[in-house]
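Visitor: Okay, handing you the structure first.
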Amino acid sequence: MALKNIFICLFLIIFLLPDTVYSEGRISSFEENLAANFFLNFRMLTFKEFDSPEYISDKPWDIGLGLRYKNIFASFSLPAPFIKQPKRLGYDIEISSYFERAYFEAYSKRYPNLIEQDSNEYSDVDVDSSGIIVIFLQNSENHSLGSAIKLNKKQNQSSGSLLYGFGIFHSSLYSTNGTIEKFSDKQNLLYFGPGLGYSYLWTFKNCAFLNISLLSFMNPGININTDRWLFIPQLQPRIVIGHHNDTWSANLTMMNNAKFIIWNKDEIDSLTLISISIMFSKRF
């Protein structure tokens, strides 16, 4: 129900945004080189084997702090203090750089204590995920993803761009109590491949903006434990709504990162992260 209300509010905001503005300046930089970021995240990780119960993360809310110096960003988040802390702590660490023609991201995330959906019983399934991606913007002169996602620039004219690049990823799944027999021994998956997508950013009056993008990766991979080859495609749709002010910026980001672990034609697992994040960035 909470997610449904968020989706309704999101589309109402889009509908109520003012008319599009086309200004002469394309992308402008802020005078400040340093910014502090605060964000509140709802991150729900789900894991599902084919024709089996779905498992979800039990502590989806977390808060985090970040720091930006010029185009370099670093952030760290932990479970929110207003909820009961889990016996095993999850975290989310990210380092990124958003430049004019390309952006780079490296991350490490841990999601312990998955539980079976519609059940109060812990499965003790732990998921660790990390990756490094480099993405290039075909229309970098007119389009800035950093202005929407990291808030380090301001795009003044609506435009879109083809996205292309490469990523290398690692995921480990471990069922400590053997709830999921396949992962009773920790399975480490290494996968890599090309990425392709598209992004469009609309600019509005009063410095508001809307960005919609879709990025996909076609990843061959290997199970390091068994030397078994597999295929792990990824889809990353994202919607960002935000606003720029003279000394601060803010955005609301809704993202879905879906990975499909294809062991063979009859055995497909899905690992999906649904993320809704509100970030406030204060420039100095």
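Visitor: Within the stretch 215-274, considering only strands (runs of 3 or more DSSP E) that don't extend past its boundaries, which have at least 2 residues that are in contact with an Asp or Glu (Cβ under 7 Å, 6 or more places away or on another chain) and under 24 Å from ILE56 (Cα atoms)? Spell out the reasoning first.
Guide: Details: elements: 220-223, 228-231, 234-244, 248-264.
Those strands (runs of 3 or more DSSP E) do not exist here; none qualify.
Visitor: Okay, next question. Taking the condition touching a strand residue (DSSP E or B) at 6+ places or on another chain (Cβ under 9 Å) and at positive phi, does LEU151 pass? First the steps, then the outcome.
Guide: Numbers: touching a strand residue (DSSP E or B) at 6+ places or on another chain (Cβ under 9 Å): yes; at positive phi: yes.
Against the criterion (touching a strand residue (DSSP E or B) at 6+ places or on another chain (Cβ under 9 Å) and at positive phi), LEU151 qualifies.
Visitor: Modelled with pLDDT of 95 or more and either within 28 Å of LEU65 (Cβ to Cβ) or outside any strand (DSSP E or B) (or both): does that describe ILE133? Don't jump to the end; show me each part of the working.
Guide: Values: modelled with pLDDT of 95 or more: yes; either within 28 Å of LEU65 (Cβ to Cβ) or outside any strand (DSSP E or B) (or both): yes.
For ILE133, the condition - modelled with pLDDT of 95 or more and either within 28 Å of LEU65 (Cβ to Cβ) or outside any strand (DSSP E or B) (or both) - is met.
Visitor: It is to be established whether one or more residues within the stretch 136-145 are modelled with pLDDT of 90 or more, closer than 25 Å to LEU65 by Cβ and within 17 Å of the chain's Cα centre (by Cα).
Guide: Taking the stretch 136-145 as the starting set, the residues that turn out to be modelled with pLDDT of 90 or more are 136-145.
Among the residues that remain, those that are also closer than 25 Å to LEU65 by Cβ are: 144-145.
Next, from what is left, pick out any that are within 17 Å of the chain's Cα centre (by Cα): 145.
Taking every residue of the stretch 136-145 in turn, at least one turns out to be modelled with pLDDT of 90 or more, closer than 25 Å to LEU65 by Cβ and within 17 Å of the chain's Cα centre (by Cα).
Visitor: Taking the conditions exactly as written (surrounded by fewer than 18 Cβ atoms within 10 Å (Cβ to Cβ) and on the phi < 0 side of the Ramachandran plot), does ASN177 satisfy them or not?
Guide: Details: surrounded by fewer than 18 Cβ atoms within 10 Å (Cβ to Cβ): yes; on the phi < 0 side of the Ramachandran plot: yes.
Judged against the criteria, ASN177 is a match.
Visitor: On to the next question. Which residues, counting only those in the stretch 46-62, are within 18 Å of SER75 (Cβ to Cβ), at pLDDT 85 or above and not acidic (Asp, Glu)?
Guide: Listed by number, the list holds a single entry, TRP61.
Visitor: Further question on the same structure: Exactly one of these conditions fails for LYS182: (1) in contact (Cβ under 8 Å) with a residue 60 or more places away in the chain; (2) in a strand (DSSP E or B); (3) over 22 Å from the mean Cα position of the chain (by Cα). Give me its number.
Guide: Looking at each condition in turn, LYS182 falls short on (2).
Visitor: Do we have LEU189 as among the aliphatic types (A, V, I, L, M), at pLDDT 95 or above and in a strand (DSSP E or B) here? Working first, answer last.
Guide: Working: among the aliphatic types (A, V, I, L, M): yes; at pLDDT 95 or above: yes; in a strand (DSSP E or B): yes.
When the stated conditions are applied, LEU189 passes them.
Visitor: Restricting attention to the stretch 54-70, report how many residues are part of a strand (DSSP E or B), surrounded by fewer than 20 Cβ atoms within 10 Å (Cβ to Cβ) and among the charged types (D, E, K, R).
Guide: 1
Visitor: Now for a separate question. With touching a residue at least 40 places away in the same chain (Cβ under 8 Å) and among the aromatic types (Phe, Trp, Tyr) as the only criterion, which of PHE260, PHE217 stands out? Reasoning before the result, please.
Guide: Details: PHE260 fails: touching a residue at least 40 places away in the same chain (Cβ under 8 Å).
Result of the check over PHE260, PHE217: PHE217.
Visitor: Among (1) hydroxyl-bearing (Ser, Thr, Tyr); (2) more than 24 Å from GLN155 (Cα to Cα); (3) surrounded by fewer than 19 Cβ atoms within 10 Å (Cβ to Cβ), there is one condition TYR200 misses while meeting the rest; what is its number?
Guide: Unmet condition: (2).
Visitor: Next up: Looking only at residues in the stretch 126-151 that are in contact with a Leu (Cβ under 9 Å, 6 or more places away or on another chain) and under 21 Å from LEU34 (Cβ atoms), which one is surrounded by the most Cβ atoms within 10 Å (Cβ to Cβ)?
Guide: SER144
Visitor: I would also like to ask the following. Is it the case, given these coordinates, that ASP124 is more than 22 Å from SER281 (Cα to Cα), at pLDDT below 90 and in a strand (DSSP E or B)? Before you say what the answer is, go through the steps one by one.
Guide: Working: more than 22 Å from SER281 (Cα to Cα): yes; at pLDDT below 90: yes; in a strand (DSSP E or B): yes.
Yes, satisfied.
Visitor: How many residues does the stretch 203-236 hold that are of a type in the set (Phe, Trp, Tyr) and buried (at least 18 other Cβ atoms within 10 Å of the Cβ)? Explain how you work it out, then say what you get.
Guide: First, the residues of the stretch 203-236 that are of a type in the set (Phe, Trp, Tyr): 204, 209, 217, 229, 231.
Checking which are buried (at least 18 other Cβ atoms within 10 Å of the Cβ) leaves us with 209, 217.
Residues flagged as of a type in the set (Phe, Trp, Tyr) and buried (at least 18 other Cβ atoms within 10 Å of the Cβ) within the stretch 203-236 amount to 2.
The values are calculated or read from the model by the stated rules, or taken from the named source; none is laboratory data. These numbers come from a predicted model, not from an experiment. Virtual Cβ from ideal backbone geometry, glycine too; neighbours counted across all protein chains shown.
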